[in-house]
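Trainee: The structure is given below, and queries will be raised subsequently.
The values are calculated or read from the model by the stated rules, or taken from the named source; none is laboratory data. Values in this document were obtained by computation on a predicted structure and should not be read as measured data. Cβ atoms come from the backbone with ideal geometry, glycine included; neighbour counts cover every protein chain shown. Keep in mind that these areas ignore ligands, DNA and RNA; they rest on the heavy atoms of the full protein, side chains included. Shrake-Rupley method; radii C 1.70, N 1.55, O 1.52, S 1.80 Å.
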Amino acid sequence: MSIAFETVDVFAETQFGGNPLAVMTDARGVSAGDMQAIAREFNYSEVTFVLPPADPANTARVRIFTPTNEIPFAGHPNVGTGYVLARMGSLLGRPVSDAMRFEEDGGLVEVEALRRDGQVVGASIRAPQDLQVGEEIARSVVAACASLTADDVLAERHEPVFASVGLPFALAEVRSVERLAKATPDVAAFREAHRRYPNPIERFSLFVYARTGAQRVRARMFAPLSNILEDPATGSASAALGALLASLERDDDGFDLTIEQGVEMGRPSVIQVGVTMRGGRRSVIVSGRCVPVMRGMLTLGEGS
């Protein structure tokens, strides 16, 4: 069995920046076990598998796998998959428009292709869920996970806290970009944090950031329990952070946030987050540019 795939760098201006993503553009007939094995083989932070939608009014069903598990929603996989499908122009015998809807376990994800001079250059997505703010996290736990001191972790705007718009993350502000650059994930501390703050959806993942301007931050994301020591661009965590900060601002006219990530990894990423009121709730849009890298065929079953 052969499966066509494309890889793209998401939230990147040039190749080999941003966050790499592999998109299996026709995953019909691929079992969940094989999907997990493929994700382990690529060893990217996520791989997506495109399937026919349950509702023909939607564009596709999209399943998202990390190297260790399937997750209900993520940011850069949706942005990258939307970019790939918009460039293809058709999917499973049906035309693909710039406005797409993906069926996912985390909810229905609205996707819009971004164009420049008529060419698809990226995509934006609307988070599928309202902001959910969970349990506060001890600053000492955050500091231990990131190999920092408790004084490096700020609590003026908000305590370290779990937040989600489809996938939960621990969010914490760090005192400065310099301290952020020194952060290093401690796997043993992450295991202890997961025991202390268990979550049935996702292993303990930490998104730490430092302010660099009024509406601009530098961020890093560590998820060693999911075999992702550090992620160069995390759209779902960025969406949760944007929604959280917008709720603290209490500005219903709109809130914009630019997030730089991946700088310390040599994979610079730029993620744009916009939060507006829509239908009585805050709507979170995550957008960014993408760059194509590879395309090919993956063969299952040979040699087994």
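Trainee: Of the conditions (1) surrounded by fewer than 24 Cβ atoms within 10 Å (Cβ to Cβ); (2) of a type outside the set (Ser, Thr, Tyr); (3) within 23 Å of residue 120 (Cβ to Cβ), residue 77 fails just one. Which one is it?
Mentor: The failed condition is (1).
Trainee: I need a count of the residues in segment 41-51 that are open to solvent by 60 Å² or more (accessible area, probe 1.4 Å) and assigned to a loop (DSSP other than H, G, I, E, B).
Mentor: Within segment 41-51, residues that are open to solvent by 60 Å² or more (accessible area, probe 1.4 Å) and assigned to a loop (DSSP other than H, G, I, E, B) number 1.
Trainee: For segment 117-129, check the following and say yes or no: at least one residue is more than 18 Å from the chain's Cα centre (by Cα), hydroxyl-bearing (Ser, Thr, Tyr) and within 27 Å of residue 47 (Cα to Cα).
Mentor: no
Trainee: For residue 282, are the conditions met, namely being open to solvent by 10 Å² or more (accessible area, probe 1.4 Å), closer than 14 Å to residue 170 by Cα and among the charged types (D, E, K, R)?
Mentor: No: the conditions fail for residue 282.
Trainee: Of the residues 212, 149, which is hydroxyl-bearing (Ser, Thr, Tyr), in contact with a Lys or Arg (Cβ under 6 Å, 6 or more places away or on another chain) and either open to solvent by 10 Å² or more (accessible area, probe 1.4 Å) or under 30 Å from residue 110 (Cα atoms) (or both)?
Mentor: On inspection, the qualifying residue turns out to be 212.
So that you can scan it fast, the table gives a plain yes or no per residue for (1) out of contact with any strand residue (DSSP E or B) (no Cβ under 8 Å at 6 or more places or on another chain); (2) within 30 Å of residue 55 (Cβ to Cβ); (3) buried (at least 23 other Cβ atoms within 10 Å of the Cβ); (4) free of Cβ contacts under 8 Å to residues at least 40 places away in the same chain:
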| position | (1), (2), (3), (4) |
| --- | --- |
| 124 | no, yes, no, no |
| 130 | no, yes, no, no |
| 143 | no, no, no, yes |
| 154 | no, no, no, yes |
| 159 | no, no, no, yes |
| 181 | yes, no, no, no |
| 185 | no, no, no, no |
| 188 | yes, no, no, yes |
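Trainee: Any chance you could count how many residues in segment 80-110 are within 18 Å of residue 4 (Cα to Cα) and open to solvent by less than 50 Å² (accessible area, probe 1.4 Å)?
Mentor: 10
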